[in-house]
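Presented below is the structure to which this report refers.
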Amino acid sequence: MGRQPNIRLRSTERPAEDLDRAPERRWSPTRPGEITSPAETPSGGSFGRPGPDTGWGLQMIRAASFDRGRRPRDLESLLSALVGARASHARRGPTRQDVEVALSLVGLHDGYARTGGAPAGLAEVRERWLDELAHDPWPGRSALGSVPADLLMDEPRRIRARLRADPSLVA
């Protein structure tokens, strides 16, 4: 906005000169344990297997139809750990296929009923995992320790076929 020519401004009333900002300094991590890339993200052991939205897996487990037995909450915790581990191992959120894999590993998938029932050893393994659940530092740790990664990441049909051939894969 212009000013009237008859008004004199003193030096203190004049606009201040804009100063240039100093250039931004480059940030670098200085704290120990700072994660700066996805490759540095800890996984396994006491860190578990963090993954996106693993709570959705629990919702899918609750919506699935299967025999929940005498300890439904413990079974949900066990299945949730298996679903979350499989999904985070694949670096994505849980899917229905992850729930199928978890049900196949504990011997509760419908595919077993259509082909003559679950292998005999899976019921005992499931009961052992449910008994160990109360003593695990985080639920399902002992179960995940006894499931090989290649079996966990396989397709549901192939998992059931592999467990029918050799139920000791998860023992």
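Points worth noting:
- Across Asp150, Asp131, Asp98, mean-square fluctuation computed from a Gaussian network of the chain (C-alpha pairs under 10 Å connected) peaks at Asp150.
- Taking every Cα-Cα distance in the range 22-104 and sorting them into 5 Å bins starting at zero, the pair-distance distribution P(r) comes out as 3, 14, 20, 17, 12, 10, 7, 6, 5, 3, 2, 1, 1, 0 percent.
- Probe 1.4 Å, accessible area per residue of the chain, Å²: 69 Å²
- Across the range 133-144, computed HN-Hα scalar couplings (Karplus, 6.51 cos²θ - 1.76 cosθ + 1.60, θ = phi - 60°) run 4, 5, 9, 6, x, 9, x, x, 4, 5, 5, 5 Hz from first to last residue, x flagging Gly and Pro.
- Take the Kirkwood radius over Cα pairs of the chain, plug it into Stokes-Einstein at 20 °C and 1.002 mPa s, and you get 110 µm²/s for translational diffusion.
- Taking the chain as a Gaussian network of alpha-carbon nodes connected by springs under 10 Å, the highest mean-square fluctuation of the residues Pro15, Pro139, Pro32 belongs to Pro15.
- Alpha-carbon spread of the range 75-171, three principal axes, descending order, Å: 35, 29, 20
- Nearest-ten-degree value, helix 72-89 long axis tilted from longest Cα axis of the chain: 60 degrees
- Averaging the sequence gap over all C-alpha pairs within less than 8 Å and six or more residues apart, then dividing by the number of residues, gives the chain a relative contact order of 19 percent.
- Taking 7 Å steps out from each Cα toward its Cβ at Arg68 and Trp138 produces label points 2.5 nm apart.
- Model label points for Arg114 and Glu17, set 7 angstrom from Cα along the Cα-to-Cβ axis, are 8.2 nm apart.
- Taking the accessible area of the range 76-151, probe 1.4 Å, and keeping the other protein chains in place, the carbon and sulfur fraction comes to 51%.
- Note, ³J(HN,Hα) from phi for the range 53-59, Karplus 6.51, -1.76, 1.60, rounded to Hz, x at Gly and Pro: 6, 5, x, 5, x, 5, 4
- Top of Ala161, Ala16, Ala64 by mean-square fluctuation, Gaussian network on the chain, Cα under 10 Å: Ala16
- Phi-derived couplings, Karplus 6.51 cos²θ - 1.76 cosθ + 1.60 at θ = phi - 60°, listed residue by residue for the range 163-171: 6, 5, 6, 8, x, 6, 4, 9, 6 Hz, with x used for Gly and Pro.
- Dipole size of the range 1-156 about its Cα centre, with +1 on Lys/Arg Cβ and -1 on Asp/Glu Cβ: approximately 840 debye, rounded to the nearest 20.
The values are calculated or read from the model by the stated rules, or taken from the named source; none is laboratory data. Quantities reported herein were computed from a predicted structural model and do not represent experimental measurements. Here the Cβ is made from the backbone with ideal geometry for all residues, glycine too, and neighbour counts use every protein chain on show. All accessible areas refer to the heavy atoms of the entire protein, side chains included, with ligands and DNA or RNA removed. Shrake-Rupley method; radii C 1.70, N 1.55, O 1.52, S 1.80 Å.
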